[in-house]
Amino acid sequence: MSPIRRLWNVMRRNQLDDELRREVDTHLALIEDEERAGGASEGVARRHARERFGSTLVHREQALDTVIMTSVESAWKETVFAARRLLRSPAFSLAAVLTLALAIGANAAIFGVVERVLLNPLPYPDSDRLIDLDHGSQLLNLPSGMGITRGYYYQYLERAHRLEGIALYASGAETITGDGEPQRIRVTRATTSLAAVMRVWPEVGRWFTEDEGKPGGPARAVLSHGLWMRRYGGDPRIVGRSITLSGVQADVIGVMPASFAFPDARVEAWLPQQITRSMGFGIWLYAAVARMRDGVSVEDVRSELNPLIADIENAFPGDPFAIGNSRNIKTTSTARTLKEATVGEIARALWMVLASVGLVLLVACANIANLFLVRSEARQREVGVRLALGAGRAGIARYFIAESVLLSLAGGAAGLALAWGAVRLLVSAGPATLPRLGEIRLDGLAVAYTFLLSVVSAVAFGAIPLWHGAPLGATLNEGGRGNTTSRERHRVRRLLMGAQVAMALVLLIASGLMIRSFQKLRDVDPGFNPASALAFSVALPTATYPSRVSAVAAHRQILDRLSALPGVNAASASTCLPLSGGCFGNTLLVRGRPQSPNSTSPPARFQAVAGGYFETMGIRLLRGRTITRGDVERGELIAVISEALARRLFPGEEPIGQYLLSNAPPRADGTIGAGPLEIVGVVADTPVQTLAESPVSQLYMPMSIAGGPEFPATALVGPDVSNINFVVRSSIAPAALTSAVRAAVDAVDPQLAIARVTTLQAIVDRASAQMAFTMVMIAIAAIVALLLGIVGIYGVMSYIVSQRTSEIGVRLALGAEPRSVEAMILRQGGAVAVAGATIGVMVALASSRLIASLLYGITPRDPSVFVGTTLMLLIVSALACWLPARRAARLSPLDALRAD
Amino acid sequence: MPKHSNDRLQGTLDLLILKLLDRSGPLHGYGLAQRIHQATADSLRIEEGSLYPALQRMTHEKWLKAQWGTTDTGRKARFYTVTAAGRKQLEEEERRWVTLTEAVNRALRFA
């Protein structure tokens, strides 16, 4: 009877019970009919019926048991016997269960991460229809990441039919005051279409109306679930309360559900983006998300948007920004799915890690298959007896499969426990770039996956011994030596050993490449000194600090107090710290240099800095001078540029003394953007976004001549100095300064909140965190595979030696040198290891393309890594072979001959 | 799968059920009990309820086929018929029975 049929019977227990009960009732009724027909009274008839039938209930149970037990019994018995057999060899069972637990646990944990982060990263309805409406420009050497302008947004809104809805948004920091401590929170200003595009609506209250998204509309705010809970204790009457954001009152109208984390999990509140088409084309201040219509692909969307981009001058006739973008930038749509935009980068790393732990599971299965081979041979006689007594092949197969299934289920259960712990560890230590990190847990799907892995492993390592060389055809008198079946089994064993070596080497090479990349990344000169420096940011509310002058004055007061703190050597400030992204950017013109239509002006990142910024950060000065406190106080129209910008604008020329203009349409008074600014110095490059990026052109200007709250963003004067980052270099541990720093800011204005308190070192560490994560995961997989591989080689070689003990005894008795016996065994093991390593190297070479995107600074075929890891593996393998070989050589011939 | 072939008592009951059903066609449990009483002239007293475990088991072994139907008196009952496998089993049981009884007879004669 098939197992499925058995299961069916067990499930049918109730139905069976019911049928039998009805059948028995009929029987009793028929006896009663008969008795009554014979003249018995009702009561007597019933009693007689009971007597003749016997005890109904007892029989019913018996009948049921007969059916169910005969079906389940044999399977259960086989399982119990298998469990007993396994318990009788605890070393074998423990080794197998631990190996499996390790491998299955690693797979389950990584699967948990992959499932949450990659398979389902966006918790929005039909999230596969959502796209990120990004743009890029080949001319500016910005392949993507430019975001969007108002002009393109309105152009698409009016004319793109392949999009169902578009929402424009921009995120920034605001200080929330009242109801407790002032606090910096991340706020996203979005067009009122956002909720409809995402198809997520507030869990409490309502979303913005269209009117609230018009300029001059009432101030409204929708809070995140997290902010509502944390700051307002989940107040059920939150709707209608008023909050103060950077000095501006806004009424809370709703709270979004906890799962809504758009554009990212740090956003605490949403405000309406109050814009209209009549405000003009504008500049690249925004990002946009859109929902594609059904049946439309991202490629379809791009091919619809690109002609609309080309036609932008007609949509905004005479708008200088539209003209500038159309003629000088040559924008193209780089729309991509929101999923790709969110997890594209981490996806490759995670798939690689999942593949790595998959290989580890294969190595583990190969190991256990080997153990099983040994075990099945040891029990050849037992199996022979079973065969002689008439057990079929299927019965013998069941005998082995019961063991492997039990082992792998135990391993799977232990693995699940391990995975549970590992997932907690991953959540606390994983890089912040993992979206939905906090939500990662082992759910039903992960448990099902673990179960599936267990069953597949059971079949894998249970079937190999059965398939090849299991003693299915064994007879009672077979000695098991020198015959073809045992030679076949040795062959299988060597094959498994070679496969282990190959897989372990593939993982070793991958981890070697990751480690070298990580080293290279850590060796990147960040261009500044990250040691012993604290950084934090402050945002000045416009209500209290309405102008650039008032903002600069506040910064100067804070800097004075910071410099006076004990242990502080230097303090300065910048609108944009290295490796933190989000800097103001614009293209530049060199004064006196004619503009040709074919060479566009290069884009640069702008930073407004306080005096002494380069000294405080430890950014090397290469030429000229730095920006001093005096320059800031006098508002000198000067600039310091980065090496990359100097190379780009002035190859082979002296940059000092040249004048730069930022590329902006002329204002009413005839002035253009910032400047002209005189270049007074050139400093070393610092990374803007990532350590791996190629140097980005940067321009530093005194904060007193940059942008401020009174300048519209389209004036393109420079970064708004209301939001600034302070840097404090200290002779004491920077973290110890935090409270003193907070007090210094408080003393200037208690309504200011300091945010993003971190050390420069932490900023650098964070920049390599994702690679560190991938490296550590793959390295752990490689080490586990190596250990399992070594155990596998050692086990196989030991077994081969023990099987050949008598042969070795004969050789030694006939005068063979122990050394030559040792060499013989080593040669045998070595040949398998070398063959395995060769295959491993070939596989690694063939799959090098897969890992290339994860590497930095080395090629995926880096010879030193390949040679180093291969040598290491061969040496370790040789050692694992040598121990059994030495034991063979040290055998006394007499003992060896007696052994059989 | 245990076949209970060496359990004589059970084997006897199986043989009896198979033989009677094979001869009479579809019968329900009560009818079968009646036939056993008639056939053995009440010399083999069995608890009628003990038929059911045997019927269940034999159905499960696919020797018998069970189908719901209506009795002459209009009651719902399960009717059992012998299958092809059941007929083969019957031949087997009969052969064994003959062998066994012959052996017993011979032993008794010599005793």
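Of note:
- Percent antiparallel among DSSP beta bridges (both partners in the protein assembly as shown, rounded to 5): 80
- Farthest toward the positive end of the dipole of the protein assembly as shown, out of A:P602, A:V688, A:S550, is the Cα of A:V688, where the dipole comes from beta carbon charges about the Cα centre.
- Multiplying the residue separation of A:R327 and A:N569 by 0.36 nm and subtracting their alpha-carbon distance yields 82.2 nm.
- Only Lys, Arg, Asp and Glu carry charge here, each on its Cβ (+1 for the first two, -1 for the last two); on that basis chain A has a dipole of about 2640 debye about its Cα centre.
- Placing R0 at 56 angstrom, the Cβ-Cβ distance between A:A543 and A:I656 gives a FRET efficiency of 0.85 after rounding to 0.05.
- About its Cα centre, the dipole of the range A:134-334 is roughly 200 debye, where the only charges are +1 on Lys and Arg Cβ and -1 on Asp and Glu Cβ.
- Inter-centroid distance (Cα atoms) of the range A:780-813 relative to the range A:510-548, Å: 51
- Under 17 Å of direct C-alpha separation, and excluding same-chain neighbours fewer than eight residues apart, B:K62 reaches these lysines: B:K3, B:K19, B:K88.
- Using a Förster distance of 56 Å, the FRET efficiency for A:R591-A:V456 (Cβ separation, nearest 0.05): 0.20
- What the Cβ-Cβ distance of A:M229 and A:R886 gives, at R0 = 56 Å and to the nearest 0.05, is a FRET efficiency of 0.25.
- Two-decimal log10 I(q)/I(0) for the range A:787-900, as the Debye equation yields it once each C-alpha is a single scatterer, q = 0.22 Å⁻¹: -1.11
- Sequence-separation-based contact order of chain A, relative, with Cα cut under 8 Å and 6+ spacing, percent: 15
- Ranking of A:M617, A:M292 by count of other Cβ atoms within 10 Å, fewest first: A:M292, A:M617
- The range A:568-644 versus the range A:117-159: alpha-carbon centroid distance in Å: 30
- Here the protein assembly as shown is described by how far its Cα atoms reach on the three principal axes: 137, 96, 56 Å, from widest to narrowest.
- Chain A: DSSP helices with Cα axial extent of at least 15 Å and average Kyte-Doolittle hydropathy no lower than -0.5: A:56-88, A:90-114, A:298-310, A:338-378, A:393-429, A:444-467, A:484-523, A:548-564, A:738-748, A:769-803, A:818-846, A:863-889
- Of all lysines in the structure, those lying under 27 Å Cα to Cα from A:K330, and not within fewer than 8 positions of it along the same chain, are A:K339.
- Selection from A:V423, A:W207, A:L579, by position along the positive dipole direction of the protein assembly as shown (Cβ): A:V423
- Relative contact order (%) - the range A:134-334, alpha-carbon pairs under 8 angstrom, separation at least six: 33
- Averaged over the residues of peptide A:20-26, the number of Cβ atoms from other protein chains lying within 10 Å of each residue's Cβ is 5.
- 222 nm mean residue ellipticity, helices alone, for the protein assembly as shown (DSSP H n ≥ 4; -39,500 (n - 2.57); rounded to 500): -17500 deg cm²/dmol
- By the Cβ-Cβ criterion of under 4.7 Å, the unpaired cysteines of the protein assembly as shown are A:C365, A:C881.
- When the charge dipole of the range A:134-334 is built from unit charges on Cβ atoms (+1 for Lys and Arg, -1 for Asp and Glu) and taken about the Cα centre, the candidate among A:F316, A:A160, A:A221 whose Cα reaches farthest toward its positive end is A:A221.
Rule-based calculations on the coordinates, nothing more; no lab input. Note that the coordinates shown come from a computational prediction; the quantities given were computed from them, not determined experimentally. A quick note on method: Cβ atoms are made from the backbone with ideal geometry, for glycine too, and the neighbour counts reach across all protein chains shown.
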